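The values are calculated or read from the model by the stated rules, or taken from the named source; none is laboratory data. These numbers come from a predicted model, not from an experiment. Every residue, glycine among them, receives a Cβ derived from its backbone with ideal geometry; neighbour counts consider all protein chains shown.
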């Protein structure tokens, strides 16, 4: 299982890095076309924006860990262990329920966007915003697993603690 997890993590990081490299290359091309050729390419801005949307949601779906998020956990950490477990379970369940409940209406709208195309690249808007549907599914799966882990192992006591000198 560890091999599959590491392979998946490395794969998602590689995809994010490739999108970031493509966005940077497009940005450099945009600068070159504007200031050297004096003929700006319209599609470069649109591709940069599309890649940015994908990088943000891809990264948050598959790369960013729970402890990497900003949190205000002073009250949570002041609670007794059983209360922390209850709060953590309610929080995870609320996220799962909200994302699952809103998935179908959201996907319906994303699917509706197939009739619109981007201005210069002529990519269906559904393709551009489909990453949000993937993000929603990943969040539901991640927090469902978090809910199970909290039931099995108890509340996360140091999930948001500052880890000085920790790598990875």
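Structural remarks
- Qualifying residue in the stretch 114-123 (condition: out of contact with any strand residue (DSSP E or B) (no Cβ under 8 Å at 6 or more places or on another chain), without any contact (Cβ under 8 Å) to a residue 40 or more places away in the chain, at negative phi and surrounded by 12 or more Cβ atoms within 10 Å (Cβ to Cβ)): no
- Qualifying residue in the stretch 113-125 (condition: under 27 Å from residue 9 (Cβ atoms) and at pLDDT 95 or above): no
- A count restricted to the stretch 46-66 and to residues that are part of a helix (DSSP H, G or I), farther than 13 Å from residue 131 by Cα and in contact with a helix residue (DSSP H, G or I) (Cβ under 8 Å, 6 or more places away or on another chain) stands at 3.
Yes or no, residue by residue, for (1) surrounded by 16 or more Cβ atoms within 10 Å (Cβ to Cβ); (2) assigned by TED's automatic domain parsing to the domain that holds residue 121; (3) at pLDDT 95 or above:
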site	(1), (2), (3)
4	no, no, no
11	no, no, yes
16	yes, no, yes
21	no, no, yes
28	no, no, yes
53	no, no, yes
77	no, yes, no
80	no, yes, no
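- Condition check for residue 71: over 30 Å from residue 32 (Cβ atoms) and out of contact with any helix residue (DSSP H, G or I) (no Cβ under 8 Å at 6 or more places or on another chain): yes
- Residue match in the stretch 136-156 (condition: under 30 Å from residue 44 (Cβ atoms), at pLDDT 95 or above and not assigned by TED's automatic domain parsing to the domain that holds residue 8): yes
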